[in-house]
1. Failed condition for His611, given (1) surrounded by 19 or more Cβ atoms within 10 Å (Cβ to Cβ); (2) at pLDDT below 85, with all others met?
2. Give the residue that is modelled with the highest pLDDT, with candidates limited to residues of segment 297-337 that are surrounded by 14 or more Cβ atoms within 10 Å (Cβ to Cβ) and out of contact with any strand residue (DSSP E or B) (no Cβ under 9 Å at 6 or more places or on another chain).
3. Applying the selection to segment 105-140, what residues are of a type in the set (Asp, Glu) and in a strand (DSSP E or B)?
4. I want to confirm something. Restricting to segment 46-75 and keeping residues that are in contact with a Lys or Arg (Cβ under 9 Å, 6 or more places away or on another chain), in a helix (DSSP H, G or I) and in contact (Cβ under 8 Å) with a residue 24 or more places away in the chain, which single residue is surrounded by the fewest Cβ atoms within 10 Å (Cβ to Cβ)?
5. Which of the residues belonging to segment 90-134 are open to solvent by less than 70 Å² (accessible area, probe 1.4 Å), without any contact (Cβ under 8 Å) to a residue 24 or more places away in the chain and within 22 Å of Glu71 (Cα to Cα)?
6. Just to be sure before I move on: is Arg272 out of contact with any strand residue (DSSP E or B) (no Cβ under 7 Å at 6 or more places or on another chain) and surrounded by fewer than 19 Cβ atoms within 10 Å (Cβ to Cβ) in the structure I sent?
7. Surrounded by 13 or more Cβ atoms within 10 Å (Cβ to Cβ) and modelled with pLDDT under 90: which single residue out of Thr2, Thr33 fits that description?
Amino acid sequence: MTEDAPDVLADEEVRLRYAAIVESSDDAIIAKTLDGVISAWNAAAERMFGYTEHEAIGQPITMIIPPDLHEEEYEILRRLRAGERIDHYETVRVTSAGERIDVSLTISPLRDHGGRIVGCSKTARDIRKAKQAAAALRQSERQLTREVAGAKTLQSISTRLISEATPESLYTQVLGAAVELMASDAASVQMLAADQTSLKLLAWSGFHPDSALFWQRVEVGTGSTCSKALSDNERVVVADIEACEFMAGTQDQQEYRRSGIRAVQSTPLRSRTGRPLGMLSTHWRTPHAPAEDDFRFFDVLARQAADLIERTLAEEALRESEERFRLIANTAPVMIWMSSTDNEVTYLNQTWLDYAGRPPDAAVEELRATVLHPDEAERCREVYETAFEQRAPFQLEHRLRRHNGEYRWVVTAGVPRYNANGSFVGYIGTSLDITERKLAEAALTSQKLIEAHEAEKTRIARELHDDISQRIALLGMHLVILKRKLPASATDLEQEIGEMDRQIGDLASDIQGLSHGLHSPKLELIGLKAAVARFCEEFSNRHDVTIDVQLENVPEALPPEISLCLYRVSQEALQNVVKHSGSRRAHLSLNSHIHTINLTVTDSGTGFDPHEAVRGQGLGLTSMEERLKVVGGQLFIHSHRGRGTTVHAVAPLFLPAKSTNGVV
């Protein structure tokens, strides 16, 4: 093997690789000499031009070039001889079947080992589909341009429609838009009458006045296009009224002639739910048959016109409804208010304004801020905003300044408002003066407290008279007997004295218990938690009952009024367990939360009806309830006959603010 053998093998390997690439290419690859003779022809060239490799090689390249482009080929050969490369050259070639095809050419010179140009390589790509796609794209762009122009026109018309405020101007804009879009000479818009079988003329343009008068009301079954469209519930187009069968010989045909109309179309107007609303018609003075494309934007206008007309009718109905509401609201004996979705009060009725003494044009928010009591404005705002966020009804009692400067109690209630579609639109509510009721309640509370105190005094007097006094009298009699008849021995005397000493001790203990019931010094000295614990222990021993006590998180420093209130309630509740429940076991828990302290006394005894008990005597429920009211607390009773009782008292950790007008 010679020294050049490796180079030869390498060249052969490269040649084979290039041959494989050429044969697998989807583009036609052709080689030709400088005098235009084909020297190479791949499989893609066979598919594109229809000639086999055997048929093509050795033939002039002009066999695939149309005669009118031969000069183009000569110019290509000239440029190749000069060593130029020709990229992406679009031209036309011809197949064996004589079909002209669009191709994109890339032509490169071929050189021998010495660098001399000996021919060229030509790559041809079929671009027919690409050119068809480009043509289709240009057509689409032209169509899009027309669509955009039409859309801009419709947008301009729509803007004018939306900006109109009155029905009359609205109908005028609809007519102008219809004439503009359909390039017509006249137009009319009609509304469906209340009988649902006729049309009422709302606006028109281009008619003879007498014809407009004739068409003020159109019945189903007459000779007009709008009558037929209403009957058929679809668009009616008449290209020439003189050739229309259903118009022949009718008064409508005569009126068309009077107005100089030869062609008409009528399109029904419907609501979004399909309910008929009316008719939109256009008219031409010469025979005319609009194409479907002509209605593309007109139908959009008809849709908008129907919406706007329906909205106008709805607004008129709403205005009438609002007028009726305001008439009723302003004559109502209660204060009425309304708010919007942005949490602002937007309406106060005349009764409200008269109560506050402000004119109707006063700023609502400013008015509300000045008449609310300063001590309660924040609480009112929090209650309202919480309800607003939850879309929940609310009710609260607060003070409101009347026109004479006096703060009076009112109860304000509000409920959320919703549209027919379920969307939230704000709140509506009332405020009612309850000052007289509050004063009556305060007087009743005072009376109940007096009665409770009297009942307590009666109980103490009964204890003193029926128990303590009797036991002291009995002890005195015992001393008299002992004095008259001394025992025979010192032992007997000692026993007698011991028995009397025990009785005196029991008596002192009971008097001390009665005293603690009236006022416990332990409460002031050791606090509510320890005082309740000791009371439960003493009470348990005295009455032979088991009391489970649970005391958690009870503040050391509580206002004396609240401590005393809860101490008395625990006393009363446990007394009820012993006197009325029949149970020998009770559970007492005392604990605090963020803003409140809670007392619960539970038993599993006979139970009772709480409503009857409040009206009756002996359970002390009124006393407990009124004590809690004084400190701003509440009492809850849960009891059922045969299923025990739970007394639950809730008191604030701090005393409520004092009333400024005597009403608690």
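The values are calculated or read from the model by the stated rules, or taken from the named source; none is laboratory data. These numbers were taken from a predicted model, which means no experiment stands behind them. Positions of Cβ are generated from backbone atoms using ideal geometry, with glycine treated the same way; all protein chains shown enter the neighbour counts. Ligands, DNA and RNA are stripped out before the accessible areas are found, and what is left, the full protein with its side chains, is counted by its heavy atoms. Shrake-Rupley method; radii C 1.70, N 1.55, O 1.52, S 1.80 Å.
1. For His611, the failing item is (1).
2. In this case the residue turns out to be Val300.
3. So in segment 105-140, the residues of a type in the set (Asp, Glu) come out as 112, 126.
Of everything in segment 105-140, just one residue is of a type in the set (Asp, Glu) and in a strand (DSSP E or B), namely Asp126.
4. Applying the first criterion (in contact with a Lys or Arg (Cβ under 9 Å, 6 or more places away or on another chain)) to segment 46-75 yields 48-49, 60-61, 64-66, 69.
Narrowing further to those that are in a helix (DSSP H, G or I): 48-49, 61, 64, 69.
Then drop every residue that is not in contact (Cβ under 8 Å) with a residue 24 or more places away in the chain, which leaves 48-49, 61, 64.
Details: Met48: 21, Phe49: 25, Ile61: 23, Ile64: 24.
Taking the candidates together, the pick is Met48.
5. Passing the criteria: Thr91, Gly98, Ser104, Leu105, Thr106, Ser108.
6. Numbers: out of contact with any strand residue (DSSP E or B) (no Cβ under 7 Å at 6 or more places or on another chain): yes; surrounded by fewer than 19 Cβ atoms within 10 Å (Cβ to Cβ): yes.
Spelling it out, Arg272 is indeed out of contact with any strand residue (DSSP E or B) (no Cβ under 7 Å at 6 or more places or on another chain) and surrounded by fewer than 19 Cβ atoms within 10 Å (Cβ to Cβ).
7. Being surrounded by 13 or more Cβ atoms within 10 Å (Cβ to Cβ) and modelled with pLDDT under 90 holds for just one of Thr2, Thr33, which is Thr33.
Per-residue answers, yes or no, for (1) touching a Lys or Arg at 6+ places or on another chain (Cβ under 7 Å); (2) open to solvent by 80 Å² or more (accessible area, probe 1.4 Å); (3) in a strand (DSSP E or B); (4) within 21 Å of Thr172 (Cα to Cα):
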| site | (1), (2), (3), (4) |
| --- | --- |
| Ser184 | no, no, no, yes |
| Ala194 | no, yes, no, no |
| Ala203 | no, no, yes, yes |
| Leu213 | no, yes, no, yes |
| His283 | no, no, yes, yes |
| Ala289 | no, no, no, no |
